[in-house]
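The structure's right below; bear with me while I get my questions together.
No value in this document is a laboratory result; all are computed from the given coordinates. The structure displayed is predicted, hence computed values, not measured ones. Glycine gets a Cβ as well: all are built from the backbone with ideal geometry, and neighbour counts include every protein chain shown.
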Amino acid sequence: MSTAFSFDIFLSHNVNDKQRVRSLAERLRAAGLRVWFDEWAIKPGDDIYLAVEHGLEAARVLVLCLSEHALGSDWVRMERSTVLFRDPSNKGRRFIPMLLDDCELPDSLRRFKYVDFRQQAEAAFLELVEACRVADEESSAIMDDHIGIPQSATVHGLQADKDLQPVEPLAVLVQKFDADTEMIISVAISPDGKWLAPCSDDKVVKLWSMGTGARLAILKGHTNKVRCVTFTTDGNSIISSSSDKTARVWDRRTGSIKHILKGYSREVRHIVALSDGKRLLSDAVNDDESIKLWDIQTGECLKTIKVGQIIEAVAVNASGSLAVIGDNYGELTLWDLDSAECLASLNGHSGILSVQMTADQQFAIFSSTDGTIKNWNLATGCCVASLEGHQGAIFSLALSPDDRIIASTGFQDNTVRLWDLSSGDCLQVIKYDEKPYPMSVTFSPDGSRLVVGTYKGLIYIYSINKPKSVTATEPSHRYSNAKAVLYFARSRMRKIKTQLIYIYYMLTYI
């Protein structure tokens, strides 16, 4: 068997089926398979939760033993442990439902072929063993820990020719430095690409050199956490928002404060400098469910637009005339900033965490709490794609200046993924060995650099190569049919809701 995993099989079962599953485990072990079975793996004094987590991560095949007991009160708890194995992006893993009793399969399992072990027949046992050995062959394509290129080149799930040369990674790490802070929520890059301004829980704005990683300046004045930082289009002013209920306009050259924008009752979260170089858009958490437009030169509030949403994400088009707003209830709205009119409202999603708009104003791309990236055609009001791959909420995404590449951060799976916007293919998975937990991502104005900010206060800078052709590093999981999109959204929400039950399940189920 392959040594890529410590165990060939993880046996997930209800405690009432222990005797039958123990007998099965012994037979599988006698057949030469490495079996994770709770009685063998968990010793007195072990942390049960951690032991089970390790077993799931280290096993190639999850066998879910189904019975009336398992599908009763314990089913929701058991289903959570199957998510990793049912994710189509995990090519080296296999999920096998196995019937121990007469029972009706839940909808989420009906698409999987099961092993009928109700009579404990030898043929069923051999079928299970053979399925596990087939999985061993399928696990040969192992992703590189950092650059995301398979050691055994695989394109759209099909094994490539042996003489195929490795694909040059789209993003190559060129610099990494400690930003002397924690939890970088976002990173702003100056228009000339020379300055970095990470946003963090510090009460200051720190400016760093993109080229050397040296700290260039510290702007002091806020009395609480800094929530967002941006540059004006000419690069001469820096604008920051804070939990101190203000936004501030700074002179980049002198570090002095030009204006303090007040009028909020709660923290100011998002700020966007409009392309005309004269106006600024801002919002506040639970303030009056509105956005404000400001004159950057005078600090005067020009307009307040009631949007009726608790804003979680906002993006403005290149001309500064349209804004896309997403909230934590999954509603996406399109606003005309000149007329203060809502042009469209799109519903039916999980909580929106980040949003971008293409330069032609045709598409809005947003990430959500359900671990998907969705692409909406703003003209037709239709979801044209849903990209899957991340294992949890996607806090940040960025769109390259040429609208070709989407970059997204997976806090839970500790990855950054690069996607082709037109095809939905995942072009590269950047996986970190350490646990910096990527929080934010942004492209430089010229598209030549990708900057990642992490929970641990580290900044990673990548050079972006211009690929001659697009080659996927993973099979594409893009769903354009509306019914399929809604199905996967509901499925992801069920998984998220069961996460809180998971610890309880692990402590009581075994």
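May I ask you to sort Tyr49, Tyr460, Tyr455 by Cβ crowding, counting other Cβ atoms within 10 Å and putting the fewest first?
Fewest-to-most ranking of Tyr49, Tyr460, Tyr455: Tyr49, Tyr455, Tyr460.
Dividing the alpha-carbon radius of gyration of the stretch 339-456 by 2.2 N^0.38 Å (N being the number of residues), what value is obtained?
Against the empirical 2.2 N^0.38 Å value, I get 1.05 for the stretch 339-456.
Once you wrap a convex hull around the alpha carbon atoms of the stretch 253-328, what is its projected area averaged over all directions, in nm²?
5.4
Quick check on my link table: of Lys194/Lys374; Lys245/Lys292; Lys203/Lys435; Lys176/Lys431; Lys203/Lys258; Lys220/Lys258, which ones sit more than 21 Å apart, alpha carbon to alpha carbon?
Going by Cα-Cα distance, Lys194/Lys374; Lys203/Lys435 fall outside the 21 Å limit.
For Cα pairs less than 8 Å apart in space and 6+ apart in sequence, what is the mean separation divided by the residue count of the stretch 372-451, i.e. the relative contact order in percent?
23
Can you give the log10 of the normalised intensity I(q)/I(0) at q = 0.18, 0.24, 0.26, 0.28 Å⁻¹, computed with Debye over equal Cα scatterers of the stretch 248-292?
Result of the Debye calculation: -0.61, -0.94, -1.02, -1.08.
Please compute the contact order of the stretch 247-303 in relative form: average sequence separation of alpha-carbon pairs under 8 Å and at least six residues apart, divided by the residue count, as a percent.
24
So how strong a dipole does the stretch 360-439 carry about its Cα centre when Lys and Arg Cβ are +1 and Asp and Glu Cβ are -1, to the nearest 20 debye?
120
Can you give me the Kirkwood hydrodynamic radius for the stretch 362-413, using every pair of distinct Cα atoms, in Å to one decimal?
11.4
Mind checking the full-extension length gain between Asp234 and Glu300? Use 0.36 nm per residue of separation minus the Cα-Cα distance, one decimal, nm.
Extra length available between Asp234 and Glu300 comes to 21.8 nm.
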